[in-house]
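The values are calculated or read from the model by the stated rules, or taken from the named source; none is laboratory data. Bear in mind the structure is a predicted one, so any value in this text is a computation, not a measurement. Here the Cβ is made from the backbone with ideal geometry for all residues, glycine too, and neighbour counts use every protein chain on show.
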Amino acid sequence: MRAIKANIDYPREYERITSHHYTFRVKAPLNAEKVEVCVDGSPWQLCRYSAGYWWFDWSNYTSGEHEIVARILPFDSQNYVIRSRRFEVDLENCKSAGAPMVMQYSVMTSNDPWTVSKITDLLSKEDVVMHGMMMVTMGDQSTLQFMAPRCDGLREKLENEGLSVVEKEVFHLEIPNHPEELHRLVRSLAENGIHIRSLYGSVEGKNARVALAVDKPENAAPLVSRFSVN
């Protein structure tokens, strides 16, 4: 019997979550019919499919130990594949860390100027105040990334336009505009075993504004707060 490739990617086993919003990521076979999650015995919630994974946005939770159970229904089977993961929430650490964070929205789309125009039109109508934006194109596919305060329902409205969207919290900070300062920040993360997932920014006068996504935000928060000047 062939093994079915299915797993809960995030949270990691015994991961400590220190943010007030978190997105579960589940890996499932390409032909999966649906994926649902249950947290601490709550009713099953349907995940959304985007960018090759299944996602569920979790909020309004409390500190303490938790367990997520994912059930995956392959298209050619009547039997669910069950996966579970235990983790911890520590909101007190989130309050004390003091590291500034915003939402980063990554919109995957075809490299079509009218599609990009549709996205910016929607953002304008929703009165989204952006802290930064960039677009990367590879072949006929593009990814438009922008940072903004959390906007309830924004991801759903983009997805209703047929777009694939991933949202996550990223650090948004200002550091002195000097190469040594960026190096000190990156070196500090490396020394603590923290991997950078994305890094970009802009310069305003004597300071540089940096958007930073990492694999262990709860560990990075106290480090980042020491470097931020805002």
Practice task
Restrict the check to the range 156-172 and report whether at least one residue is touching a residue at least 24 places away in the same chain (Cβ under 8 Å), farther than 25 Å from Trp54 by Cα and surrounded by 11 or more Cβ atoms within 10 Å (Cβ to Cβ).
Solution key: yes
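So if I check each of Arg150, Arg184, which one is modelled with pLDDT of 85 or more and surrounded by 13 or more Cβ atoms within 10 Å (Cβ to Cβ)? Outline the logic, then answer.
Numbers: Arg150 fails: modelled with pLDDT of 85 or more.
Criteria check complete, one pass: Arg184.
Might you let me know whether the range 160-169 holds any residue that is polar (S, T, N, Q) and over 30 Å from Arg226 (Cβ atoms)?
Filtering the range 160-169 for residues polar (S, T, N, Q) gives 160, 164.
Filter again for over 30 Å from Arg226 (Cβ atoms), leaving 160, 164.
Within the range 160-169, one or more residues are polar (S, T, N, Q) and over 30 Å from Arg226 (Cβ atoms).
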Problem - Test result for Ile4, over 15 Å from the mean Cα position of the chain (by Cα), among the aliphatic types (A, V, I, L, M), surrounded by 12 or more Cβ atoms within 10 Å (Cβ to Cβ) and modelled with pLDDT of 85 or more - result: no
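Take the residues of the range 192-230 that are β-branched (Val, Ile, Thr) and in contact (Cβ under 8 Å) with a residue 24 or more places away in the chain: which is farthest from Ile17 (Cα to Cα)? Lay out the reasoning, then the answer.
Keep residues of the range 192-230 that are β-branched (Val, Ile, Thr), which gives 194, 196, 203, 210, 214, 224, 229.
Next cut, in contact (Cβ under 8 Å) with a residue 24 or more places away in the chain only: 194, 203, 210, 214, 224, 229.
Values: Ile194: 15, Val203: 31, Val210: 23, Val214: 13, Val224: 16, Val229: 25 Å.
Out of the qualifying residues, it is Val203.
Looking only at the range 189-230, filter to residues that are small (Gly, Ala, Ser) and over 19 Å from the mean Cα position of the chain (by Cα); which one of those is surrounded by the fewest Cβ atoms within 10 Å (Cβ to Cβ)?
The extreme case among them is Gly205.
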Exercise for the section: Among the numbered conditions (1) of a type outside the set (D, E, K, R); (2) within 22 Å of Trp55 (Cβ to Cβ); (3) in contact with an Asp or Glu (Cβ under 9 Å, 6 or more places away or on another chain), tell me where Ala148 comes up short. Expected result: (3)
Problem - Hits in the range 164-179 (condition: at pLDDT below 85 and more than 14 Å from the chain's Cα centre (by Cα)) - result: His178, Pro179
Handout entry: Residue selected from the range 10-21 under the condition exposed (fewer than 15 other Cβ atoms within 10 Å of the Cβ) and under 27 Å from Glu33 (Cα atoms), by the criterion farthest from the chain's Cα centre (by Cα)
Key = Glu13
Completion exercise
In the range 103-147, anything buried (at least 18 other Cβ atoms within 10 Å of the Cβ) and in contact (Cβ under 8 Å) with a residue 60 or more places away in the chain is listed as Met103, Gln104, Tyr105, Ser106, Gly132, Met147
Problem - Number of positions in the range 103-147 that are in contact with a Gly (Cβ under 9 Å, 6 or more places away or on another chain) and hydrophobic (A, V, I, L, M, F, W, C) - result: 2
Completion exercise
Exception for Ala190 within (1) over 21 Å from Gly132 (Cβ atoms); (2) in contact with a helix residue (DSSP H, G or I) (Cβ under 9 Å, 6 or more places away or on another chain) falls at (2)
